[in-house]
1. Residues being acidic (Asp, Glu) and assigned to a loop (DSSP other than H, G, I, E, B): count how many of those fall in segment B:343-384.
2. Among B:Val83, B:Val53, which is closer than 23 Å to B:Met278 by Cβ, in contact (Cβ under 8 Å) with a residue 40 or more places away in the chain and among the aliphatic types (A, V, I, L, M)?
3. Within segment B:56-78, is there a residue that is among the acidic types (Asp, Glu), away from chain A (no Cβ under 14 Å) and over 24 Å from B:Pro227 (Cα atoms)?
4. Across segment B:227-243, what is the total count of residues that are more than 20 Å from the chain's Cα centre (by Cα) and surrounded by fewer than 18 Cβ atoms within 10 Å (Cβ to Cβ)?
5. Is it true that some residue in segment B:202-212 is touching a strand residue (DSSP E or B) at 6+ places or on another chain (Cβ under 8 Å) and either within 18 Å of B:Arg4 (Cβ to Cβ) or aliphatic (A, V, I, L, M) (or both)?
6. Any chance segment A:40-48 includes a residue that's hydroxyl-bearing (Ser, Thr, Tyr), in a loop (DSSP other than H, G, I, E, B) and either surrounded by fewer than 18 Cβ atoms within 10 Å (Cβ to Cβ) or free of Cβ contacts under 8 Å to residues at least 60 places away in the same chain (or both)?
7. Looking at B:Leu73, is it surrounded by 17 or more Cβ atoms within 10 Å (Cβ to Cβ) and over 26 Å from B:Met264 (Cα atoms)?
Amino acid sequence: MTEITTGKAGPQATYEAYLAAGRFMIQRADSTGEYVFWPRVLAPSGATDLRWVEAKGTGTVYAITVNRSRGGSWNVALVDLDEGVRLMSALPAVETASIGARVKARIETTEDGPRVVFDLIEEGAA
Amino acid sequence: MSDRTLRGKSAIVGMATAGVGEAPGFSAMELLGQAAVAAVAEAGLKMQDIDGVFAATSSHAFPTMSVVEYLGLKPKFFDGTNVGGSSFEMHLLQATLALDAGLCDAALVCYGSNQRTAGGRLVSMSEPQWHETPYRPRHPITAYALATSRHMAEYGTTRDHLADVALAARDWANLNPEAFARGPLTRDDILSARMISDPLTKADCCLVTDGAAACVLVRADRAKDLPGKPVYFLGAGAANHHRSIVAMPDLTTTAAAESGPRAMDMAGVRQADLDLVMVYDAFTINTILFLEDLGFCPKGEGGRFVADGRIAPGGDLAVNTNGGGLSCVHPGMYGLFLIAEAVAQIRGVAGARQIADCSLALCHGNGGTLSSQCTAILGSEAAL
């Protein structure tokens with residue numbers, strides 16, 4: 001597994017470097033236990049002792065829309081990770097999904113670089 | 001505890017709009033200039049009397065510098081706070097603070113845009129958010145659609161409820177000769193409109209128009225000596241929690257739930273006292289969210305509240321009587337037009353759409369993606 005040295009770049013660049021290496025990492029404050037996304041230099045509580053941890057990758061659709069244009073349509077979702085943080089993402093394998101649907105992250109490679117997207121977790125699956 | 005030290009300390013003594021709708025051949029600054037000239041004249045002042053300038057636009061990096069230069073002013077106080085469409089409700093508060101502190105004597109609040117004739121698209125200097133960019137959101141509509149999806153899922157709000165908002169706006173616009181979108185509009189028209197960002201259609205979106213507005217404020221004691229009927233500043237409040245929609249804690253509750261009570265506390269008024277409610281309707285969901293957050297109905301009930309014509313002409317609550325951003329005017333940043341309508345109604349010069357005995361009005365500005373929320377309360381002399 002690729003090890004990224006943190007502290008030599010800012011949180012955004014570090015996150016993007018992890019992503020390029022195939023890892024979905026988020027921050028967690030040692031002192032308060034709170035998770036942070038998107039990456040920054042302090043947690044909402046003000047804690048600054050942030051450490052990078054692997055995201056579990058499971059979450060729930062909080063809100064979703066489908067952008068429609070002549071050039072095609074694509075969904076945009078807000079996903080709440082099980083760690084309690086929210087991110088903007090997409091569910092590229094489906095047109096749309098229900099709010100509350102359980103989803104699992106994967107890293108997708110696009111022309112513009114890697115990005116975290118989500119797939120629906122089939123009912124009855126773990 | 002409420003702080004009422006600013007209540008009634010300033011008054012709008014001149015107010016004008018220019019180029020509302022389409023103004024081909026005019027630049028944004030030319031339209032702003034026309035509105036400023038008319039507002040200053042209505043106040044009975046000379047342009048050179050203006051010594052405080054408050055401005056934000058969608059096309060000027062340094063709006064107060066550009067305005068000062070264009071109008072030939074030499075102000076001793078200026079503020080270019082840009083919190084999107086809510087800037088101008090904030091500017092009323094800043095201007096009142098500056099006037100009350102003696103930092104200036106005549107304040108001009110102004111805005112101008114030619115975004116319709118310049119290209120027909122929303123003009124914005126808003127920078128992309130790096131953590132959103134890979135997903136190609138089309139802001140602002142994507143953000144508002146996400147909020148709508150959540151409100152529907154949590155509270156059972158429907159596209160019919162959104163249509164009620166658009167219908168009420170059009171019914172008011174049909175009473176306003178200055179409104180850009182006039183004429184018949186049916187529920188079917190709205191429900192069958194082209195989907196842009198589920199569940200929002202073209203009919204759920206505000207207009208893209210040209211337009212400028214300006215108002216002049218002085219200290220209340222001086223207002224009595226000027227020719228126009230003063231419209232008094234009674235209170236204002238602001239609240240802001242986020243920039244990106246990703247960081248909005250609860251997509252069904254905006255910071256208007258804080259700015260509204262702050263403004264009403266300062267003004268010493270309650271919801272039931274208000275004759276007119278002007279809320280920033282960039283999208284139909286806005287009206288529903290703000291009526292809830294400002295306390296006109298319980299959280300989640302906004303959709304059912306606006307049904308059956310309750311906010312349309314002849315309804316129980318007069319909301320967005322100019323036709324709103326949905327059907328009257330929306331030149332990129334609409335906040336000053338909320339104030340223009342409140343001034344017209346309080347002065348009793350709103351023509352066919354005039355509501356009876358309008359002495360207290362609330363103007364609620366929204367900026368960004370349900371981000372900055374600024375509420376101002378205006379009133380007649382009787383409301384002081």
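The values are calculated or read from the model by the stated rules, or taken from the named source; none is laboratory data. Values in this document were obtained by computation on a predicted structure and should not be read as measured data. Neighbour counts are summed over all protein chains in view; Cβ atoms, including those assigned to glycine, are modelled from backbone coordinates with ideal geometry.
1. Kept after step one, since they are acidic (Asp, Glu), are these residues of segment B:343-384: B:357, B:381.
Remaining after also requiring assigned to a loop (DSSP other than H, G, I, E, B): B:357.
So the count comes out to 1.
2. Working: B:Val53 fails: closer than 23 Å to B:Met278 by Cβ.
From the options B:Val83, B:Val53, the qualifying one is B:Val83.
3. So far as segment B:56-78 goes, yes, one or more of its residues are among the acidic types (Asp, Glu), away from chain A (no Cβ under 14 Å) and over 24 Å from B:Pro227 (Cα atoms).
4. Our first condition is that a residue be more than 20 Å from the chain's Cα centre (by Cα); within segment B:227-243, this holds for B:227-229.
Still in the running and surrounded by fewer than 18 Cβ atoms within 10 Å (Cβ to Cβ): B:227, B:229.
The number of residues fulfilling the criteria is 2.
5. The answer is yes; a qualifying residue exists.
6. Filtering segment A:40-48 down to residues hydroxyl-bearing (Ser, Thr, Tyr) leaves A:45, A:48.
This time we only want the ones that are in a loop (DSSP other than H, G, I, E, B), so: A:45, A:48.
Going one step further and asking which of them are either surrounded by fewer than 18 Cβ atoms within 10 Å (Cβ to Cβ) or free of Cβ contacts under 8 Å to residues at least 60 places away in the same chain (or both), we end up with A:45, A:48.
Looking through segment A:40-48, at least one residue is hydroxyl-bearing (Ser, Thr, Tyr), in a loop (DSSP other than H, G, I, E, B) and either surrounded by fewer than 18 Cβ atoms within 10 Å (Cβ to Cβ) or free of Cβ contacts under 8 Å to residues at least 60 places away in the same chain (or both).
7. yes
Residues are listed down the side, and each one gets a yes or a no for (1) closer than 21 Å to B:Met195 by Cα; (2) not in a strand (DSSP E or B):
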position	(1), (2)
A:Thr65	yes, no
A:Arg68	yes, no
A:Trp74	yes, no
A:Ala77	yes, no
A:Glu83	no, yes
A:Leu91	yes, yes
A:Val103	no, no
A:Pro114	no, no
